[in-house]
Amino acid sequence: MDEKRVRVQIADQCAPVLAGVKPSNIVILGEGDAADEIREILVSADICCDLFYEGDGKQMWLFYRKSLIEEVLREEENRDFLKKYGYTDFRLENVMRKVHMHFLDYKLGKQEFPHEIGVILGYPLADVKGFIENKGRNFLYSGYWKVYEDAPRAKERFDLYTMVRSRITSEIAAGMRFWQVAQMEEILFA
């Protein structure tokens, strides 16, 4: 994949994280496609990224903002929920390691998909629980995730994600670098 297409794909899949309005997102790329672009993002912004999975000709990266995930992990109801899935240490690095292990166990057929990752991705806890309880059915609305409670609020969030996605993807396609995007908050929210 050529560099520009990779950059646009990362921008498209990761724009809400780049804009600082979502704690994390998963980006799926072809193997070996993105090393330079990922390094640029890591250098240019308060964003971390872990190679979550590699196989089947693709790489799955988790891009995240430490500060935003730490906010999610400070919420007692999120902690109580994660405890049900074996999380006991809520320091960021330990939670990230545990969710990564659960995902790898899923890929190896040792467990079901770790739906608790929805909390890490910034989905409302009620929607994560609703998805699990309803097995992905009976939702009120579907967009960036399936909504089981408070559809109007979710729609507002989806509109925000779509707006920053459109702006950031357009800027990257026009040649802007990721470090410049990281500094364009005033443009995004003007």
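Residues checked against (1) basic (Lys, Arg); (2) under 23 Å from GLN9 (Cα atoms); (3) not in a loop (DSSP other than H, G, I, E, B):
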{"residue": "ARG79", "(1), (2), (3)": "yes, no, yes"}
{"residue": "ASP89", "(1), (2), (3)": "no, no, no"}
{"residue": "MET101", "(1), (2), (3)": "no, no, yes"}
{"residue": "TYR106", "(1), (2), (3)": "no, no, yes"}
{"residue": "GLU156", "(1), (2), (3)": "no, no, yes"}
{"residue": "SER166", "(1), (2), (3)": "no, yes, yes"}
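When the test is whether a residue is modelled with pLDDT of 95 or more, assigned to a helix (DSSP H, G or I) and under 26 Å from ALA19 (Cα atoms), ASP127 passes it.
The rows are residues; the columns are (1) part of a loop (DSSP other than H, G, I, E, B); (2) not acidic (Asp, Glu).
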site: LYS98; (1), (2): no, yes
site: GLY136; (1), (2): yes, yes
site: ARG153; (1), (2): no, yes
site: ASP159; (1), (2): no, no
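Contact annotation: residue pairs with Cβ atoms under 7 Å, 6 or more positions apart or on different chains, pairing a residue in region 66-94 that is without any contact (Cβ under 8 Å) to a residue 24 or more places away in the chain with a partner that is not aliphatic (A, V, I, L, M) and not in a helix (DSSP H, G or I), are SER67/ASP46; LEU73/PHE90; ARG79/PHE90. Among the conditions (1) at positive phi; (2) in contact with a helix residue (DSSP H, G or I) (Cβ under 8 Å, 6 or more places away or on another chain), the only one that GLY136 does not satisfy is (2). Given the criteria in a strand (DSSP E or B) and out of contact with any Asp or Glu (no Cβ under 6 Å at 6 or more places or on another chain), does PHE52 qualify? Yes, satisfied. Condition (residue is touching a strand residue (DSSP E or B) at 6+ places or on another chain (Cβ under 6 Å) and farther than 25 Å from CYS49 by Cβ) applied to region 119-130: is it met by at least one residue? No, because not a single residue in region 119-130 is touching a strand residue (DSSP E or B) at 6+ places or on another chain (Cβ under 6 Å) and farther than 25 Å from CYS49 by Cβ.
Answer with yes or no whether ASN138 is exposed (fewer than 12 other Cβ atoms within 10 Å of the Cβ) and polar (S, T, N, Q). When the stated conditions are applied, ASN138 passes them. Among the residues of region 99-111, is any within 27 Å of ARG5 (Cβ to Cβ) and surrounded by fewer than 12 Cβ atoms within 10 Å (Cβ to Cβ)? No, every residue in region 99-111 fails to be within 27 Å of ARG5 (Cβ to Cβ) and surrounded by fewer than 12 Cβ atoms within 10 Å (Cβ to Cβ).
Quick one: which residue in GLY143, GLY136, GLY130, GLY122 is within 24 Å of ARG157 (Cα to Cα), in contact with an Asp or Glu (Cβ under 8 Å, 6 or more places away or on another chain) and among the small types (Gly, Ala, Ser)?
GLY130
Within the set ARG74, ARG97, the sole residue that is of a type in the set (D, E, K, R), modelled with pLDDT of 95 or more, on the phi < 0 side of the Ramachandran plot and more than 17 Å from the chain's Cα centre (by Cα) turns out to be ARG74.
The values are calculated or read from the model by the stated rules, or taken from the named source; none is laboratory data. Only a predicted model underlies this, so the values are computations on that prediction, with no experimental measurement involved. Here the Cβ is made from the backbone with ideal geometry for all residues, glycine too, and neighbour counts use every protein chain on show.
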